[in-house]
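Input: a single structure, listed below in structure tokens.
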Amino acid sequence: MKVTVSAPDTQETPFTPLVVIELAQDVKEETKEWLKNRIIAEKKDGGAQLLFRPLLNKYAKETLENQNLYLVGASQINLLLGAEAVGLVKECSDSSMRAFTYQTRRSFRGFSDNSDDFLTMAECQFIIKHELENLRARDEKMIPGYPQAKLYPGKSLLRRLLTSGIVVQVFPLHDHEALKKIEHTWYTRFTPKYQPIDSIRGYFGETIALYFGFLEYFTFALIPMAVIGLPYYLFVWEDYDKYVIFASFNLVWSTVILEVWKRGCASMTYRWGTLVMKRQFEEPRPGFHGVLGTNAVTGREEPVYPSYKRQLRIYLVSLPFVCLCLYFSLYVMMIYFDLEAWALALHEDSGSEWTSLLLYVPSVIYAIVIEIMNRLYRYAAEFLTSWENHRLESAYQNHLILKVLVFNFLNCFASLFYIAFVLRDMKLLRQSLATLLITSQIINQIVESLLPYWLQRKHGIQVKKKVQALKADFDATLYEQVVLEKEMGTYLGTFDDYLELFLQFGYVSLFSCVYPLAAAFAVLNNFTEVNSDALKMCRVFKRPFSEPSANIGVWQLAFETMSVISVVTNCALIGMSPQVNALFPESKVDLILIVVAVEHALLAVKFILAFAIPDKPRHIQMKLARLEFESLEALKQQQVKLVAESLRDDSRTGDAEAT
């Protein structure tokens, strides 16, 4: 619901609040006035040309706290001009996808001068964020009132205000009417169904919609594995020696689902416009620091940090630290095996039902320790990656993901590899896999969704009681919404969500042939995961800013790497099976050579399949080629026009000289 607000004690233009800026409590008045003037100033004067007013009027400020909350909006014309500036792609009347321009706005489907629905609220908030982040210092040498907060030409004011602690946070507001509609079709009815991905994209943006799209696709892709695995476990399973067929199916499955996802992802993002959206020049990340210099590409003044210093930090500090953490993880694993041996010895001595249950205790404890270690390491990895001082956000994310994936992979799967290929105990492998998978799923559900939701509900009740007790002259509904949302947790992105799916994919693709129920448990978890993740997005966290995305990024490579490892693992498990070993009773060398040859052949088939299945469907390829052709033709016409104008100017100059 778009609520139009105005300040009753001023002559300011009413507007729909889209974004909230919270300042620190002790910010000086001259700083507030300077910030307001920069935000509302016209573009030609270096401003953002946005609408801006405090949440509370002067009467309410006398009786209420939270006086440093400000609402930001924009006029419809400025939003449309901003859509052109950020390069939003929209559908034209001829069903083609083209970059939006204000001059040709009437050629786009759904546009009307009297309609405010052409741009979604998420797109409007993304535009406002872009305008705020592009407020840059001009002649100022410091932030007024804070001489220690230095500025230089071209510096992003918002980023400097955030790093200085003057601005506490900037977040977009929820639209409760639209949110209720999404909730009704998304998670309030606990039934297996397709998610409203397009509605999620319209409200939260493409990055989050792609995550939920991938979660849904991955869940349905697991169903064949679960359908085959369930009867296989119930009726075929005997002495852990019947997993050759299941492992072979696993190899094909892990390859095909990732290739098919890329095609579906391309179709989806083309429809949203992000597949053809031109990527903007990436600005330095807020935490990047260095000696002031000039960017060779943009010509702007910005911090410059030598690359060799960053490499020294990576190879002399970060890499040894990661190796030390990996060693510690292996040390904890060996303690786990000591506990397993102790529990087994105790059970063999007594043989009671209680000691049979005790056999599962070491695995449960180890699974909990793994989750704790993963979360602690995540904080250390974030600190190290930030300390490495990467200039671009993409470089920061890539290094962080690499650190986290390496540790999580070893921490979660090292014990399973040890059991499978060193101890060769398939019964213990099955038990450990089941315990790790189920325990990690339960912990993630509680920590990520249920506990934050319970805490958020308690805070919401307190805020409502406080607002109901007030009789001030102001918009209490909007005040309650803003105060409630500002205390919500900040959604830190899809990193943890993809990581959870990545580890789940590992459990299913690497060792599920010895525990076919792994896929079934993953399907059950993901059906609840969809609802719990939807709940936390709608009710637990602040609304995140929309971020255009054309794919799931580096996670696609991570999943593909895991599928390659799964080929090697499953081939080794097949080679260890009693059926295959029975074929080579005398020569184990021949067995090893054949297994290696089969593994290489399967890897070759895997890469051939990846090459043979196009990443984009044929009709999408044709549309992209058509757009590229039209762009080249338009560029040629522009060049011809410039040449013609140049010749006319030369001709006029010659005529004037002759005269």
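The values are calculated or read from the model by the stated rules, or taken from the named source; none is laboratory data. These numbers were taken from a predicted model, which means no experiment stands behind them. Because the Cβ atoms are built from the backbone with ideal geometry, glycine has one as well, and the counts that use them run over all protein chains shown.
Could you grab me the full set of residues in the stretch 17-36 that are within 32 Å of the chain's Cα centre (by Cα) and either of a type in the set (F, W, Y) or closer than 18 Å to K486 by Cα (or both)?
P17, L18, V19, V20, I21, E22, L23, A24, Q25
Looking only at the stretch 105-123, which residues are outside any loop (DSSP other than H, G, I, E, B) and within 26 Å of the chain's Cα centre (by Cα)? It would help to see each step written out before you state the result.
Taking the stretch 105-123 first, the residues outside any loop (DSSP other than H, G, I, E, B) are 105-108, 121-123.
Hits for the stretch 105-123 are M121, A122, E123.
Rundown of residues vs (1) surrounded by fewer than 18 Cβ atoms within 10 Å (Cβ to Cβ); (2) within 30 Å of the chain's Cα centre (by Cα); (3) at pLDDT below 85, yes/no style:
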site	(1), (2), (3)
V554	yes, yes, no
T569	no, yes, no
V589	yes, no, yes
Q621	yes, yes, yes
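May I ask you to verify whether A380 is at pLDDT 90 or above, under 24 Å from N444 (Cβ atoms), in contact with a helix residue (DSSP H, G or I) (Cβ under 9 Å, 6 or more places away or on another chain) and part of a helix (DSSP H, G or I)?
On the way: at pLDDT 90 or above: yes; under 24 Å from N444 (Cβ atoms): yes; in contact with a helix residue (DSSP H, G or I) (Cβ under 9 Å, 6 or more places away or on another chain): yes; part of a helix (DSSP H, G or I): yes.
Judged against the criteria, A380 is a match.
Residue by residue, here is whether (1) of a type in the set (K, R); (2) under 16 Å from V508 (Cα atoms); (3) modelled with pLDDT of 85 or more holds:
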| site | (1), (2), (3) |
| --- | --- |
| F413 | no, yes, yes |
| P452 | no, no, no |
| V482 | no, no, yes |
| G489 | no, no, no |
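Applying the selection to the stretch 480-534, what residues are more than 15 Å from the chain's Cα centre (by Cα), closer than 12 Å to E448 by Cα and buried (at least 21 other Cβ atoms within 10 Å of the Cβ)?
E529
Any residue in the stretch 373-386 that is in contact with a Leu (Cβ under 8 Å, 6 or more places away or on another chain), farther than 30 Å from L158 by Cα and exposed (fewer than 14 other Cβ atoms within 10 Å of the Cβ)?
Taking every residue of the stretch 373-386 in turn, none turns out to be in contact with a Leu (Cβ under 8 Å, 6 or more places away or on another chain), farther than 30 Å from L158 by Cα and exposed (fewer than 14 other Cβ atoms within 10 Å of the Cβ).
What pairs come out if I take residues in the stretch 344-358 that are under 18 Å from D425 (Cβ atoms) and modelled with pLDDT of 70 or more and pair them with residues that are of a type in the set (V, I, T) and part of a helix (DSSP H, G or I) whose C-beta lies under 9 Å away, six or more apart or interchain?
Final answer for the pair search is L346/T355; H347/T355; E348/T355.
If I go through the stretch 97-121 residue by residue, how many of them are loosely packed, with under 13 Cβ neighbours inside 10 Å and closer than 18 Å to M277 by Cα? Break it down into steps so the answer makes sense when it comes.
Step one: of the stretch 97-121, the residues loosely packed, with under 13 Cβ neighbours inside 10 Å are 102-103, 106, 109-110, 112-117.
Now drop any that are not closer than 18 Å to M277 by Cα, which leaves 102, 109.
The qualifying residues number 2.
Give the residues of the stretch 611-632 that are part of a helix (DSSP H, G or I) and hydrophobic (A, V, I, L, M, F, W, C), sorted by residue number.
Our first condition is that a residue be part of a helix (DSSP H, G or I); within the stretch 611-632, this holds for 611-612, 618-632.
Scanning the stretch 611-632 gives F611, A612, I620, M622, L624, A625, L627, F629, L632.
Quick one: how many residues across the stretch 362-372 are free of Cβ contacts under 8 Å to residues at least 12 places away in the same chain and either touching a Leu at 6+ places or on another chain (Cβ under 8 Å) or within 13 Å of L437 (Cβ to Cβ) (or both)?
Residues flagged as free of Cβ contacts under 8 Å to residues at least 12 places away in the same chain and either touching a Leu at 6+ places or on another chain (Cβ under 8 Å) or within 13 Å of L437 (Cβ to Cβ) (or both) within the stretch 362-372 amount to 0.
Give V605, V580 a once-over and let me know the one that is surrounded by fewer than 16 Cβ atoms within 10 Å (Cβ to Cβ) and in a helix (DSSP H, G or I).
Just one listed residue meets the conditions, V605.
Inside the stretch 76-97, can you point out the residues that are in contact with a strand residue (DSSP E or B) (Cβ under 9 Å, 6 or more places away or on another chain) and on the phi > 0 side of the Ramachandran plot?
Hit for the stretch 76-97 is G87, nothing else.
Need at least 3 residues that are aliphatic (A, V, I, L, M) and surrounded by 11 or more Cβ atoms within 10 Å (Cβ to Cβ) per element, so show me which helices (runs of 4 or more DSSP H) inside the stretch 303-366 make the cut, counting only ones lying wholly within it.
It comes to 319-350.
Can you name every residue in the stretch 593-640 that is farther than 30 Å from T569 by Cβ and touching a residue at least 40 places away in the same chain (Cβ under 8 Å)?
Keep residues of the stretch 593-640 that are farther than 30 Å from T569 by Cβ, which gives 616-640.
Those that are farther than 30 Å from T569 by Cβ and touching a residue at least 40 places away in the same chain (Cβ under 8 Å): K616, P617, I620, K623, L624, R626, L627.
Which of (1) under 21 Å from L624 (Cα atoms); (2) acidic (D, E); (3) modelled with pLDDT of 85 or more is the odd one out, the single condition D94 does not satisfy?
(3)
Where residues in the stretch 133-160 are outside any loop (DSSP other than H, G, I, E, B) and touching a Ser or Thr at 6+ places or on another chain (Cβ under 9 Å), which of them is farthest from E177 (Cα to Cα)?
Q148
Among the residues of the stretch 122-138, is any exposed (fewer than 15 other Cβ atoms within 10 Å of the Cβ) and touching a residue at least 12 places away in the same chain (Cβ under 8 Å)?
yes
Could you list, in sequence order, all residues of the stretch 517-549 that are under 26 Å from E393 (Cβ atoms) and free of Cβ contacts under 8 Å to residues at least 40 places away in the same chain?
Listed by number, the list is empty, since nothing qualifies.
Would you point out the residue of the stretch 161-187, among those that are under 29 Å from E29 (Cα atoms), part of a helix (DSSP H, G or I) and in contact with a Pro (Cβ under 9 Å, 6 or more places away or on another chain), that is modelled with the highest pLDDT?
L162
Taking the stretch 7-23, which residues are surrounded by 14 or more Cβ atoms within 10 Å (Cβ to Cβ) and either modelled with pLDDT of 85 or more or not aliphatic (A, V, I, L, M) (or both)?
E12, F15, T16, P17, L18, V19, V20, I21, E22, L23, listed by residue number.
For the stretch 289-335, which positions are at pLDDT 90 or above and of a type in the set (V, I, T)?
I314, V317, V322, V332, I335
Contact list please: Cβ distance under 7 Å, first residue in the stretch 153-164 and crowded, with 20+ Cβ neighbours inside 10 Å, second residue among the small types (G, A, S), pairs at least six apart or on different chains.
K155/A137; L157/A137; R160/A149
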